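K.L.:
Would you mind keeping the following structure in view while I ask a few things?
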Amino acid sequence: MNNYYFPGCKYKAHNPEGSERLARYLNERFGIIVMDCCSVGFDTPAEEDTVFFQCPTCGLILHDSGSQRRLRSVYRLLSEDDRFPWPDHSGRQMTLQDCWRSREDDDYLQAVRDVLAKMNIHPLELPNCREKADFCGATLYRVPSGRYHRLAPVSLVEKACFDPQPEEVQQQLMKEHGKLYRSEDVLCYCTGCLEGIRMAGHTPVHVLDLITDALR
């Protein structure tokens, strides 16, 4: 039985150094095999293997494509790691933006909050949080990736609610959503949400950035 980790292509592009630090830690600490893109490597793990992910889209692709039997978030793994060097943010309060792509994954949503607690961060919850999440930046207002029909036909096609709009409408929708935020800095765990938070005029803080900074 093997353990695999899919780091997420968009997160790697967002923070290549942090992504590499986490991959190295997971490999050295747990012997986890670090994969590349979930779109091409989703069928590598066998039925008895455990697959870890951090990106909400990766999680849905891995789920729909057959790796769901032993699928866990890296946030859950780290929350249970008694050796991880958690930083102390002294009770800092920040708005937490949940992503609609994770709204059906209760353990993922709780694991994110568990690692925030480990870092002594107090999340300010939005009205549409957890299973009510309806945000993923402007991605819901753009034409979805054609790979979704092949890789996640249920999660990202049948259950999705994409509504493509012109760029100026996307910007307006993000600005309007930003009025809900209760802090300048806004926590997220999705690069689509990160972009949307920035479009809304706020400062996005990716939860995984806070985690990987501790590995410097």
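The values are calculated or read from the model by the stated rules, or taken from the named source; none is laboratory data. What you are looking at is a predicted structure, and each value in this text was computed from that prediction instead of being measured. Neighbour counts are summed over all protein chains in view; Cβ atoms, including those assigned to glycine, are modelled from backbone coordinates with ideal geometry.
K.L.:
Look through PHE52, PHE84 and report the one residue that is closer than 17 Å to ASP105 by Cα and touching a helix residue (DSSP H, G or I) at 6+ places or on another chain (Cβ under 8 Å). Spell out how you get there, then give the answer.
P.N.:
Values: PHE84 fails: closer than 17 Å to ASP105 by Cα.
Going through PHE52, PHE84 in turn, just one is closer than 17 Å to ASP105 by Cα and touching a helix residue (DSSP H, G or I) at 6+ places or on another chain (Cβ under 8 Å): PHE52.
K.L.:
Cβ contacts < 7 Å: first residue acidic (Asp, Glu), restricted to segment 156-181; second residue not in a loop (DSSP other than H, G, I, E, B), any location; separation 6+ or different chain. Result?
P.N.:
Listed by first residue and then by second, the contacts come to ASP163/LEU140; ASP163/TYR141.
K.L.:
Separate question: Note down all Cβ pairs under 6 Å where the first residue falls in segment 107-131 and is closer than 14 Å to CYS188 by Cα and touching a residue at least 24 places away in the same chain (Cβ under 8 Å), the second is of a type outside the set (Gly, Ala, Ser) and part of a strand (DSSP E or B), and they're at least six residues apart or on different chains.
P.N.:
Pairs found: LEU116/PRO123; ILE121/ARG92; HIS122/GLN93; PRO123/LEU96; LEU124/GLN93; LEU124/THR95.
K.L.:
Go through the residues of segment 124-136 one by one and say whether even a single one is basic (Lys, Arg), under 17 Å from the mean Cα position of the chain (by Cα) and closer than 29 Å to ARG216 by Cβ. Walk me through how you get there before you give the answer.
P.N.:
The first filter runs over segment 124-136 and keeps only residues basic (Lys, Arg), leaving 130, 132.
Okay, now just the ones that are also under 17 Å from the mean Cα position of the chain (by Cα), so 130, 132.
If we keep only those that are closer than 29 Å to ARG216 by Cβ as well, we get none.
Among the residues of segment 124-136, not one is basic (Lys, Arg), under 17 Å from the mean Cα position of the chain (by Cα) and closer than 29 Å to ARG216 by Cβ, which makes the answer no.
K.L.:
Which residues, taken from segment 45-70, are surrounded by 20 or more Cβ atoms within 10 Å (Cβ to Cβ) and either out of contact with any Ser or Thr (no Cβ under 8 Å at 6 or more places or on another chain) or of a type in the set (Asp, Glu) (or both)?
P.N.:
Answer for segment 45-70, where residues must be surrounded by 20 or more Cβ atoms within 10 Å (Cβ to Cβ) and either out of contact with any Ser or Thr (no Cβ under 8 Å at 6 or more places or on another chain) or of a type in the set (Asp, Glu) (or both): THR57, CYS58, LEU62, ASP64, SER67.
K.L.:
Determine, yes or no, whether PRO144 is on the phi < 0 side of the Ramachandran plot and free of Cβ contacts under 8 Å to residues at least 24 places away in the same chain.
P.N.:
yes
K.L.:
Same structure again: Quick one: would you say ARG83 is crowded, with 20+ Cβ neighbours inside 10 Å, modelled with pLDDT of 95 or more and of a type outside the set (Ser, Thr, Tyr)?
P.N.:
On the way: crowded, with 20+ Cβ neighbours inside 10 Å: no; modelled with pLDDT of 95 or more: yes; of a type outside the set (Ser, Thr, Tyr): yes.
Here the answer is no, as ARG83 does not meet what is asked.
Listed here are the residues, each with its yes/no results for (1) among the hydroxyl-bearing types (Ser, Thr, Tyr); (2) within 15 Å of ARG103 (Cα to Cα); (3) surrounded by 19 or more Cβ atoms within 10 Å (Cβ to Cβ).
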residue: PHE135; (1), (2), (3): no, yes, yes
residue: TYR141; (1), (2), (3): yes, no, yes
residue: GLU168; (1), (2), (3): no, no, no
residue: HIS177; (1), (2), (3): no, no, yes
residue: CYS193; (1), (2), (3): no, yes, yes
residue: PRO204; (1), (2), (3): no, no, yes
residue: VAL207; (1), (2), (3): no, no, yes
residue: ASP213; (1), (2), (3): no, no, no
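K.L.:
Before we move on, is PHE42 surrounded by fewer than 15 Cβ atoms within 10 Å (Cβ to Cβ) and more than 16 Å from the chain's Cα centre (by Cα)? Give the derivation first.
P.N.:
Values: surrounded by fewer than 15 Cβ atoms within 10 Å (Cβ to Cβ): no; more than 16 Å from the chain's Cα centre (by Cα): yes.
In short, no.
K.L.:
Does ASP107 count as touching a strand residue (DSSP E or B) at 6+ places or on another chain (Cβ under 8 Å), among the charged types (D, E, K, R) and outside any strand (DSSP E or B)? Give the derivation first.
P.N.:
On the way: touching a strand residue (DSSP E or B) at 6+ places or on another chain (Cβ under 8 Å): yes; among the charged types (D, E, K, R): yes; outside any strand (DSSP E or B): yes.
So ASP107 fits the description; yes.
K.L.:
Also, I was wondering about something else. Filter segment 2-43 for residues that are hydroxyl-bearing (Ser, Thr, Tyr) and under 19 Å from SER65 (Cα atoms) and give the result.
P.N.:
Within segment 2-43, TYR4, TYR5, SER39 meet the criteria.
K.L.:
Something else now. Taking segment 179-191 only, how many residues are surrounded by fewer than 19 Cβ atoms within 10 Å (Cβ to Cβ) and either more than 28 Å from MET94 (Cβ to Cβ) or of a type in the set (A, V, I, L, M, F, W, C) (or both)?
P.N.:
1
K.L.:
Give, as residue ranges, the helices (runs of 4 or more DSSP H) completely inside segment 4-78 that count at least 1 residues that are within 23 Å of ASP213 (Cα to Cα) and not aromatic (Phe, Trp, Tyr). Reasoning before the result, please.
P.N.:
Working: elements: 9-14, 16-30, 38-41, 56-62.
Helices (runs of 4 or more DSSP H) meeting the threshold: 9-14, 16-30, 56-62.
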